[in-house]
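The values are calculated or read from the model by the stated rules, or taken from the named source; none is laboratory data. Just so it is clear, the model here is predicted, and its values are computed rather than measured. All Cβ positions, even for glycine, are placed from backbone atoms using ideal geometry, and neighbour counts span all protein chains on display.
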Amino acid sequence: MKKLDVGQTIQMLANVGVLAGIVFLALEIRQNSYAVQAQSRAQIASDAADHLMRIAENPQITEIYIRANDGEELSEVEQYQLLYWLQSRVRRWENIHYQYRQGLYSEEDYVGNRTAWRSVLSSQSARQHWEQNRDSFSPEFAAEIDRLLAGPQ
């Protein structure tokens, strides 16, 4: 059996140290990935809660939305209020879609969001908004919404 000299021993210990460092780094990256996913989900939930709270605190937008879906005439100001409200809503959806595509939002949560989107898109005003503004969104998100509009999946 060959005896290891001091240089070989040091090199072998250095290699073990490098391997241990790589394993530690992989564990740290995995932990960081979980933290980023949790942060992403928390931000999406916070945005949704904020959006719902704004609606609850300002029933006027709900009245405008209902009137638009009933085919009633809206004033120019009401048309803009509805436009901006729907625009902010769909932009939030686009962010959720992006977070999902990046692996930062779970499949289970995303499926629930898609179900809610389909429900909202069943309204006349939301569908009309989508048709008029589709090209202002990312192609991947636009394709996702188009699939929702095409029917159940």
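A quick yes/no check of all residues on (1) surrounded by fewer than 18 Cβ atoms within 10 Å (Cβ to Cβ); (2) among the aliphatic types (A, V, I, L, M); (3) at positive phi:
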position	(1), (2), (3)
GLY71	yes, no, yes
GLU76	yes, no, no
TYR84	yes, no, no
SER88	yes, no, no
GLU107	yes, no, no
ALA116	yes, yes, no
SER119	yes, no, no
SER122	yes, no, no
GLU131	yes, no, no
Legend entry - Which numbered condition PHE141 misses (of (1) crowded, with 17+ Cβ neighbours inside 10 Å; (2) more than 18 Å from the chain's Cα centre (by Cα)): (2)
Legend entry - Identity of the residue in segment 108-130, part of a helix (DSSP H, G or I) and free of Cβ contacts under 8 Å to residues at least 12 places away in the same chain, that ends up farthest from the chain's Cα centre (by Cα): GLN128
Legend entry - When residues of segment 52-75 are limited to those that are of a type in the set (S, T, N, Q) and part of a helix (DSSP H, G or I), the one nearest to PRO139 (Cα to Cα): ASN69
Inset, instruction - Give GLU78, GLU94 a once-over and let me know the one that is part of a helix (DSSP H, G or I) and farther than 28 Å from ALA42 by Cα. - result: GLU78
Legend entry - Check on TYR105, modelled with pLDDT of 90 or more, more than 18 Å from ARG127 (Cβ to Cβ) and within 16 Å of the chain's Cα centre (by Cα): no
Inset, instruction - Could you run through segment 108-143 and say how many residues are farther than 23 Å from LEU52 by Cα, touching a helix residue (DSSP H, G or I) at 6+ places or on another chain (Cβ under 8 Å) and not basic (Lys, Arg)? - result: 4
